[in-house]
1. Between Asp79 and Val226, what FRET efficiency comes out of the Förster formula 1/(1 + (r/R0)^6) with R0 = 45 Å and r the beta carbon distance, rounded to 0.05?
2. What number, in percent, do you get for the relative contact order of the range 139-243 if the mean sequence gap of Cα pairs under 8 Å and at least 6 apart is divided by its residue count?
3. State, in angstrom, two size descriptors of the range 65-220 derived from its alpha carbons: Rg to one decimal place and Dmax to the nearest whole number.
4. Multiply the residue gap between Ala219 and Ser184 by 0.36 nm, knock off their C-alpha separation, and tell me the result in nm, one decimal place.
5. Tell me, in nm to one decimal, what length is gained between Ala64 and Asp88 on full extension, where the rule is 0.36 nm per residue of separation less the Cα-Cα distance?
6. Over 22 Å apart: what share of the alpha carbon pairs of the range 67-144 falls there, rounded to a whole percent?
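Read-outs throughout are calculated quantities, based only on the coordinates presented, and are distinct from any laboratory measurement. Here the structure is a predicted model, which means the values were calculated and not measured. All Cβ positions, even for glycine, are placed from backbone atoms using ideal geometry, and neighbour counts span all protein chains on display.
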Amino acid sequence: MNRRRTLSIATALLAVSLAGCNPQLADEGDAKPSSTTSPASAAPSGAAGGGPAEGGLPLSDAIAKLPEGVEKRDGYERDSFRHWVDEDGDGCQTRAEVLIEEATTKPEQGERCALTGGVWMSYYDEVEVTEARKLDIDHMVPLAEAWDSGAYGWTAERREAYANDLGAERSLVAVTAKTNRSKSDRDPADWLPPTEAAHCLYAADWTATKLRWELSADAKERAALVKLADACPETTVQYKLAR
């Protein structure tokens, strides 16, 4: 494996629950932010092995560091991001690497990295999944959103690195196909996980991913994140810039 996770999603969600969260729905539009508070020690996000400061940045401070920008969709094609590669040559493509790493009960690994058995917890909807085929690997910041936010100017090599980012804890997450497809390419202004207890963690993961890859946020997205931060005062963000 070429990444190490410092905290499992199941542990993070348990810690959020124990924090005595009290999520409140926002009142703007469809699937607008509602959030919970989570302890700084429970939900740090971003690359394992370090962030901008000991213990990470408060979510509101991390959001303030996001570059401002206007989305640019012109020229986007999903194929611009080559994904599910076998980066380390161990026979397992990125999808399988994430599934193996995030399993709460590890699957058996067969020929050509075929996976059988295993148990996963989809943190977007708190659904336990026992068949790998029922899971999607979600790009925390979708490929189209990444393109809009600056990846349109990247090299093909950097876009491939982004699409297969195993160097950060939750740049890629295994979630139910239903929630991944509901999310599609929408940012937090238009979509949040159906489980409200996941909202603070999701906001931190989203912000960490954008900071890691130096992607911008438009005004609507930033406003949604700020609302989440107001409801998540104890949530912190850790990240490491991608090479």
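1. Details: r = 34 Å, r/R0 = 0.76.
Efficiency at R0 = 45 Å is approximately 0.85.
2. On the way: 92 pairs, mean separation 34.8, N = 105.
So the answer I get is 33 percent.
3. For the range 65-220, the Cα-based Rg and Dmax read 15.6, 48 Å.
4. Working: separation 35, 0.36 × 35 = 12.60 nm, distance 1.99 nm.
That works out to 10.6 nm of additional length.
5. Values: separation 24, 0.36 × 24 = 8.64 nm, distance 3.51 nm.
In short, 5.1 nm is gained.
6. Working: 1137 of 3003 pairs.
Value for the range 67-144 (Cα pairs over 22 Å): 38 percent.
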